[in-house]
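Chemist: Right, I'll just put the structure down here and ask away after.
The values are calculated or read from the model by the stated rules, or taken from the named source; none is laboratory data. Only a predicted model underlies this, so the values are computations on that prediction, with no experimental measurement involved. Ideal geometry is used to build each Cβ from the backbone, glycine not excepted, and the neighbour counts take in all protein chains shown.
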Amino acid sequence: MRDLFVSADAGSRHRDLVEAVRRSGTPVHEVSGELMAELAQTVTPQGLLAICEFVDVPLAELISAGPRLAVVLANARDPGNAGTVLRTADAAGAAGVVFAGASVDPYNSKCVRSSAGSLFHLRLVAGVPVADAVTALRGAGLAVLAADGNARCRLDDIDRAGQLRAPTVWLFGNEAWGLPAELRALADECVAVPIYGQAESLNLAAAAAICLYASARAQHAAAGEAQEPPDIAGAPGVPLSHPDALGSGHVAL
């Protein structure tokens, strides 16, 4: 973080956070509500706006980390979906997300906000051709699974077969037209999320969450790490409702 802009109201609400930023040596600038409204790109800004350095890394850095779970977004254009996939990949323990091909700019303001901070937690790769990303990750030992609603192979099938236990990169396509034939051909397997009700399809973020958590569960179970999540509600220092670090919203970046 290079600078933090704070409105008077937000400074009062988040005094501890602002003081922690000051102690870190980062400049803190107090601004009026009117100026904050001009700076922020949201209708109702929360009064905290940070200027941060870009955090994307070369594809080689993701490969060198020895990932067991990763994501390649192929021409994903919706910033809200892309940011949510970042957040979900982080939660599922993925090592990184590649914004490949003509995917949205990961620094799009809506994408950053939708990531809810996860942009800073995992390795972000941007501006790489889809084929290059897939080839590199396959070369690092990851199986390539492509999410395709029309695939004959279902997620349940490969889960039961134990295929999800292997190191895996998931390939997700464009929200409107999915993955074209030439990108599906890059995958070791095309996989459909089964739909048991009458919905026609799932959006990108929902499908990605299902696929990533299926892989994460299988990998952790294979490693003997499967366990019940801790009951943290009411634990010391943990509020009963904790949607994110700033209560009901996110830091405006």
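Chemist: Would you pick out the residues in region 177-197 that are in contact (Cβ under 8 Å) with a residue 24 or more places away in the chain and of a type in the set (Gly, Ala, Ser)?
Modeler: Within region 177-197, Gly178, Ala187, Ala192 meet the criteria.
Chemist: Quick test for you: out of Arg138, Arg152, pick the one residue that is without any contact (Cβ under 8 Å) to a residue 60 or more places away in the chain, charged (D, E, K, R) and not in a helix (DSSP H, G or I).
Modeler: Of the residues listed, the single one that is without any contact (Cβ under 8 Å) to a residue 60 or more places away in the chain, charged (D, E, K, R) and not in a helix (DSSP H, G or I) is Arg152.
Chemist: Here is a check on your reading of the model: is Val98 buried (at least 23 other Cβ atoms within 10 Å of the Cβ), out of contact with any Asp or Glu (no Cβ under 6 Å at 6 or more places or on another chain), β-branched (Val, Ile, Thr) and within 16 Å of Leu73 (Cβ to Cβ)?
Modeler: It is true that Val98 is buried (at least 23 other Cβ atoms within 10 Å of the Cβ), out of contact with any Asp or Glu (no Cβ under 6 Å at 6 or more places or on another chain), β-branched (Val, Ile, Thr) and within 16 Å of Leu73 (Cβ to Cβ).
Chemist: Among the residues of region 58-68, are any crowded, with 21+ Cβ neighbours inside 10 Å and touching a His at 6+ places or on another chain (Cβ under 8 Å)?
Modeler: No: zero hits.
Chemist: Counting just the residues of region 1-59 that are under 30 Å from Leu137 (Cα atoms) and hydrophobic (A, V, I, L, M, F, W, C), which one comes out modelled with the lowest pLDDT?
Modeler: Taking the candidates together, the pick is Cys52.
Chemist: Looking at Ala187 and the list (1) modelled with pLDDT of 95 or more; (2) part of a loop (DSSP other than H, G, I, E, B); (3) under 21 Å from Arg87 (Cα atoms), which single condition is not satisfied?
Modeler: (3)
Chemist: OK, next. So, in region 146-196, how many residues would count as being touching a Ser or Thr at 6+ places or on another chain (Cβ under 6 Å) and either among the basic types (Lys, Arg) or closer than 26 Å to Ile63 by Cβ (or both)?
Modeler: So the answer is 2.
Chemist: Which one of these does Val125 not meet: (1) assigned to a strand (DSSP E or B); (2) of a type in the set (Val, Ile, Thr); (3) free of Cβ contacts under 8 Å to residues at least 40 places away in the same chain?
Modeler: (3)
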